[in-house]
Structures are given as C-alpha cells and as structure tokens.
Amino acid sequence: MKQDYIYLLFTNTGTLLTKAISLYTKAEYNHVSLALDLELNEIYSFGRKHLRNPFWGEFVKENTEEELFQKADCSIYAYAISSKQNKKLQETLAFFKQRKDNYHYNVIGLFGVMFNKPIPRSNAYFCSQFVAYLLMEAGMVSFDKPPELITPQDIQQLPGLISIYQGKLQGAV
C-alpha cells in the first residue's frame, strides 16, 4: 500500500521581521509552511501579501521562486499520513482556498505568543497557528496548548518527522 506524505517547510528568509522574531525566539527558523509535494509546487501558509510589507498578510500559496525565498535557509521534513487524514487535509485546504479573501494575518496573535496568552481571532492566523490548525483538523496531531500559541519550533518537535533536507531553499528544489 502506498504511503501518503506531507512536507513541512521551515524557513529563515533573513528579512527584518524574521530577524526581529529570531531575537525573541532564538530559533533558527521562524516560518513554517505545509507542502503537499516534495517538489514544493504546492506550499501553503499565512504570510506576506506583498514583499515590502511584512504586516499585511493572508492565506498564501507560496512560491519558492519569489524574491522572498531566493536566499532563504530551510529545513524540510516529511510526515507520513493516512489516506483519511490526507482527505481531511485536502478538504480543509479547499475551504481556505475558496474563502481566501476572508482571511488575514494574525499580527496581534504574535504578541499572544510572546506573553503566553492565546488571542483567538476569527479568520486570522499566523504561519504556525495555521499549520497546527491544519494538522489538528486532519487528526494528525494534538498539542498541549491552543493553536494560537504554537510556534514553528513546536511543530518541528513533532514525533514522526523525517528530515529530508537542510540548507538553502534554492538547493532543495
């Protein structure tokens, strides 16, 4: 029987916002995306709508060819999932895609992470909150804290992740 996988892409783009977040987290990677294929053709997250404005974000289908990712460092992990989990994940992603314009970036939620106080907001996510939500909705994982407090580092610590690649993102694809 064929095994299904998703891929978790952790990146450090070196932008001013990434550097500021890194000062707080001390983490190597402060952005996480979910990819449906190892070729990284279908990558989803919450991120910038425009390159020059890190605070105007939304649900995005990321493109590794974009300027933002040209010099990014990354780590890619595979995560085995069942057919049932894959189906639920696809349904949840389809829901977001169909309602893309209803969602925005949860900048305020980042402060909740800093103070360890979840700030629930309707139709607003930051990257790790969104990926955690997807994984939870599909029944793949559970966390000991709400999605509003999940960081990329929490996701990177999930049991069962298989390290695929670490280095420059442009070298991965």
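The values are calculated or read from the model by the stated rules, or taken from the named source; none is laboratory data. Predicted, not measured: the structure shown is a model, and the values here were computed from it. All Cβ positions, even for glycine, are placed from backbone atoms using ideal geometry, and neighbour counts span all protein chains on display. Please note that ligands, DNA and RNA were not included when accessible areas were found on the heavy atoms of the full protein model with its side chains. Shrake-Rupley method; radii C 1.70, N 1.55, O 1.52, S 1.80 Å.
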- Task: For every helix of n ≥ 4 consecutive DSSP H residues, a contribution of -39,500 (n - 2.57) applies; sum these over the chain, divide by its total residues, and give [θ] at 222 nm rounded to the nearest 500 deg cm²/dmol.
- Result: -9000 deg cm²/dmol
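To the nearest 20 debye, what is the magnitude of the charge dipole of segment 26-167 about its Cα centre, counting +1 on the Cβ of each Lys and Arg and -1 on the Cβ of each Asp and Glu?
Here segment 26-167 has a charge dipole of around 440 debye.
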- Please report, in Å, the Rg and the Dmax of segment 105-153, where both are computed over Cα atoms only. 10.0, 28
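Largest first, what is the accessible-area ranking of Leu110, Leu9 with a 1.4 Å probe?
From most exposed to least exposed: Leu110, Leu9.
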- Net charge of neighbours whose Cβ lies under 14 Å from the Cβ of Lys71, counting Lys and Arg as +1 and Asp and Glu as -1: -2
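Starting from the residue with the highest accessible area, list Tyr29, Tyr7 in decreasing order, probe 1.4 Å.
Greatest to least solvent exposure: Tyr7, Tyr29.
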- Message: Run the simple label-point estimate for Phe143 and Lys84 please: 7 Å along Cα→C-beta, distance reported in nm.
- Response: 2.4 nm
- Got a number for the accessible area of Arg48? Probe 1.4 Å, square angstrom, nearest 10. 50 Å²
- Query: How large is ³J(HN,Hα), in whole Hz, for each residue of segment 101-108 in order, when computed from phi with the Karplus curve 6.51 cos²θ - 1.76 cosθ + 1.60 and θ = phi - 60°, using x for Gly and Pro?
  - Reply: 6, 8, 10, 9, 6, 8, 4, 4
- Message: Cut-off 14 Å, label point 7 angstrom out along Cα-to-Cβ of Ser22: give me the residues of segment 137-170 whose amide nitrogen falls inside.
- Response: 167-169
